[in-house]
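Student: There's a structure below that I have some questions on.
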């Protein structure tokens with residue numbers, strides 16, 4: 001081989017890089033090796049922060065590897081660690097390294113629409129929120145505020161069931177509930193249900209969606225309103241009952257009416273006096289199951305329509 005006299009020797013390695021030599025991996029290092037090295041450092045508390053920093057440029061690959069390994073059989077792990085602890089280490093890598101941009105990838109990798117969120121990662125996420133609520137809530141706010149909200153993130157927020165986190169994200173969740181459809185809307189409503197009865201804007205939204213066109217969204221809000229003692233909610237339940245065709249929704253509306261029967265008698269008369277024949281018959285079926293004897297007779301006496309009065313009295317015992 002001919003030696004090129006013009007060839008220059010490589011420059012000396014800068015001192016600050018040389019000091020990190022034991023943490024540095026070559027550009028073609030298998031990310032799986034890097035991941036297990038970080039897991040061991042996390043468990044042993046062995047220069048974890050420095051090692052995370054040294055692997056910052058390969059964070060997305062490490063997150064992909066980590067989420068894949070988390071779904072494997074723990075018996076195949078290279079380090080003796082439970083899946084729960086592994087999820088904690090993966091979350092610690094993201095938090096320690098400030099890998100905010102890799103977090104959405106982790107949510108997507110560990111979410112399945114049929115099976116829902118990964119339980120171990122969900123617990124790790126909740127623990128991280130307890131350790132540093134400001135950081136995690138800030139990251140989640142950014143993810144939910146920009147563009148189309150990620151279904152996977154919303155699923156974790158809803159299933160986590162942390163009222164404090166939902167309170168921090170309420171602005172984004174309210175907006176998503178009002179403007180999105182399908183899973184993003186459903187998960188947002190399920191999360192906001194934690195604030196129902198404590199937040200006026202959430203209560204108003206749920207009342208408005210009692211007759212929503214989307215069956216799943218309607219069922220979510222009705223499920224959380226079925227024991228409501230709010231008279232305005234009960235009045236709406238009474239008014240939409242004759243038009244509801246879904247048996248489940250109809251049963252929940254009836255429950256709400258029964259729970260507030262005392263304050264609805266006057267409203268029942270007003271509705272029966274203005275409803276058409278078909279709708280009036282539907283409402284009468286509900287009224288006779290709620291009001292008995294003299295109460296039902298009083299409603300009948302105040303009806304304008306002879307036909308409606310006769311129909312109601314035919315069912316009164």
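The values are calculated or read from the model by the stated rules, or taken from the named source; none is laboratory data. This structure is a prediction, so every number in the text was calculated from the model and none was measured. Quick reminder, even Gly has a Cβ in these numbers, built from the backbone with ideal geometry, and neighbours come from all protein chains shown.
Student: Go through the range 212-232 and count every residue that is assigned to a helix (DSSP H, G or I) and either within 20 Å of the chain's Cα centre (by Cα) or buried (at least 18 other Cβ atoms within 10 Å of the Cβ) (or both).
Tutor: Selection size over the range 212-232: 11.
Student: Hey, residue 303 hits all of (1) part of a loop (DSSP other than H, G, I, E, B); (2) surrounded by fewer than 18 Cβ atoms within 10 Å (Cβ to Cβ); (3) touching a residue at least 24 places away in the same chain (Cβ under 8 Å) but one; which does it fall short on?
Tutor: Evaluating residue 303 over (1) part of a loop (DSSP other than H, G, I, E, B); (2) surrounded by fewer than 18 Cβ atoms within 10 Å (Cβ to Cβ); (3) touching a residue at least 24 places away in the same chain (Cβ under 8 Å) leaves (2) as the failure.
Student: Only one residue in 231, 173, 238 is touching a residue at least 24 places away in the same chain (Cβ under 8 Å), closer than 23 Å to residue 146 by Cα and touching a helix residue (DSSP H, G or I) at 6+ places or on another chain (Cβ under 7 Å). Which one?
Tutor: Only one candidate qualifies: 173.
A quick yes/no check of all residues on (1) over 24 Å from residue 175 (Cα atoms); (2) in a helix (DSSP H, G or I); (3) in contact with a strand residue (DSSP E or B) (Cβ under 8 Å, 6 or more places away or on another chain):
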residue	(1), (2), (3)
75	yes, yes, no
78	yes, no, no
102	yes, yes, no
108	no, yes, no
123	yes, yes, no
127	yes, yes, no
139	no, yes, no
148	no, no, no
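Student: Answer yes or no as to whether residue 95 is surrounded by fewer than 21 Cβ atoms within 10 Å (Cβ to Cβ) and in a helix (DSSP H, G or I).
Tutor: Yes, satisfied.
Student: When you scan the range 182-193, do you find a residue that is touching a helix residue (DSSP H, G or I) at 6+ places or on another chain (Cβ under 7 Å), more than 30 Å from residue 121 (Cβ to Cβ), surrounded by 15 or more Cβ atoms within 10 Å (Cβ to Cβ) and not assigned by TED's automatic domain parsing to the domain that holds residue 293, even just one?
Tutor: no
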